[in-house]
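Since every read-out is calculated from the coordinates, none of them should be taken as a lab result. A quick note: this is a predicted structure, and the numbers were derived from the prediction, not measured. In this analysis, Cβ positions are derived from the backbone assuming ideal geometry, glycine residues included, and neighbour counts consider all displayed protein chains.
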Amino acid sequence: MKIALALAVTLALVLALGALATWLIARHVEARFPPTGRFVEVRGGRLHVIEAGAAGRAPDIVLLHGASSNAADMMRALGERLAQTHRIIALDRPGHGWSDRLGGPEMAQPARQAAAVADALRSLGVERAIVVAHSWAGAVAPHLALDHRDVTGGLVLLSPVTHPWPGGTISWYYGPATSPVGRLFTRTVTTPAGALLMPAVTSAVFAPQPVPQDYLEAARIPLVLRPSAFEANAQDVAGLYDAVTAHNRRYREIRLPATVIAGDADGIVYTDIHSRSFAREVPGTKLMILPGIGHMPHYAAQDLIAAEIEALASRLGGTVESRAATP
């Protein structure tokens, strides 16, 4: 009895310390990385949007980030250089960065996130934009291409997740966050543990390339350490296998120009299963497999990817401009 009581007291103390550390780290992160964009009202709440450039040469370019990330990641890699000639719109996906989750676990579905993104883009006056999507957001972009054609004119997918993969496994730490004790787990364990593991995890994501020196700060990655953001991220990742399993059969219906760029040294997602399969199934897709490049091609090959986005923009520009000029 005394041993059981001692263990219970010890566990309660550890959880209390974890909760205090979580609160302190989360408050510090929010103070260090406040919103830098504006908020757009959509059904169920607000999405945080970062804009750059101006309404110059059509079309607009929309940037969608992957898991454990936010809009600043894509802006850091591509937004500044593309903003010289285009209007750039980077969004925090629902529950990430400073965007509201817009609902419960059902918002983990890529189709629901695509609908929320489309609502925000309509509010911003966007028509037939090029959607540039990295990793997890590669499951969102096809929904935009199929179900929200008014705001989507073309796709550029970077190391996307688009198809079911062997086993459907995910990283171990997402499981507890989506379990019945998830809220206790994310409010006592994940934030301090995540702060300690973040450099190592980031290195694995960039491998075999090195992590840019200013990446964690410039891309505001610590925002994912907040309990609400970690829960949203865990729900997104945990539901991704079922989502792409249900949706990939529709890819053959996509009739928009698309470019897929991935590395052959990607240790996070299977390039053959996702990128090559999507390119085979979507008519006219341009596929580029970069030798020796890992999961972050928008950092490892910035100039090439910016050039490919510009090339697709040139293909679409005349059509969009002509449409805009029609009385």
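Assuming R0 = 35 Å, can you tell me the calculated FRET efficiency for the pair D272 and R149, based on Cβ-Cβ distance, to the nearest 0.05?
Once the sixth-power term is evaluated, E becomes 0.75.
Give the relative contact order (percent, whole number) for the stretch 80-223; include only Cα pairs under 8 Å separated by 6+ residues.
15 percent
Need one number for the chain: average projected area of the convex hull over its C-alpha atoms, nm².
Its Cα hull, projected and averaged over all orientations, spans 17.4 nm².
Please list the non-local residues whose amide H lies under 5 Å from the amide H of T152, H modeled 1.01 Å from N, same-chain partners needing a gap of 5 or more.
Amide H neighbours of T152: R128, A129.
Please compute the contact order of the stretch 2-325 in relative form: average sequence separation of alpha-carbon pairs under 8 Å and at least six residues apart, divided by the residue count, as a percent.
21 percent
Going through the DSSP H helices of the chain, which span 27 Å or more along their own axis at the Cα atoms while scoring at least -1.0 as a mean Kyte-Doolittle hydropathy? All intermediate terms of the calculation are to be shown ahead of the outcome.
On the way: long enough: 2-32 (45 Å, 1.48); 302-325 (32 Å, 0.24).
Qualifying helices: 2-32, 302-325.
Using a Gaussian network model of the chain with C-alpha springs under 10 Å, which one of A229, A16, A279 is most mobile by mean-square fluctuation?
Residue with maximal mean-square fluctuation among A229, A16, A279: A16.
Could you order peptides 106-115, 155-164, 290-299 by the average number of other Cβ atoms within 10 Å of their residues, highest first?
Output ranking for 106-115, 155-164, 290-299: 155-164, 106-115, 290-299.
Using modelled backbone amide H atoms (1.01 Å from N, in-plane), which distant-in-sequence or interchain residues come within less than 5 Å of R46's amide H?
HN-HN under 5 Å from R46: D100.
So, with +1 on the Cβ of K and R and -1 on the Cβ of D and E, and no other charges, what is the size of the charge dipole of the stretch 2-325 about its Cα centre, to the nearest 20 debye?
Working: 29 positive and 27 negative charges, 96 e Å.
In debye, rounded to 20, the stretch 2-325 gives about 460.
Could you please state, rounded to a whole Å, how far the C-alpha centre of the stretch 220-258 is from the C-alpha centre of the stretch 22-92?
Cα centroid to Cα centroid, the span is 17 Å.
Residues with amide H under 5 Å of R93's amide H, sequence separation 5 or more or different chain, H placed in the peptide plane at 1.01 Å from N; which?
Distant-sequence amide H within range of R93: H65, A71.
Using R₀ = 56 Å, calculate the FRET efficiency as 1/(1 + (r/R₀)^6) where r is the Cβ-Cβ separation of A307 and E30; round to 0.05.
E(calc), rounded to 0.05, equals 0.95.
At R0 = 25 Å, how high is the FRET efficiency between T169 and V14 if r is their beta carbon distance? Nearest 0.05 is fine.
The pair T169/V14 has a calculated efficiency of 0.30.
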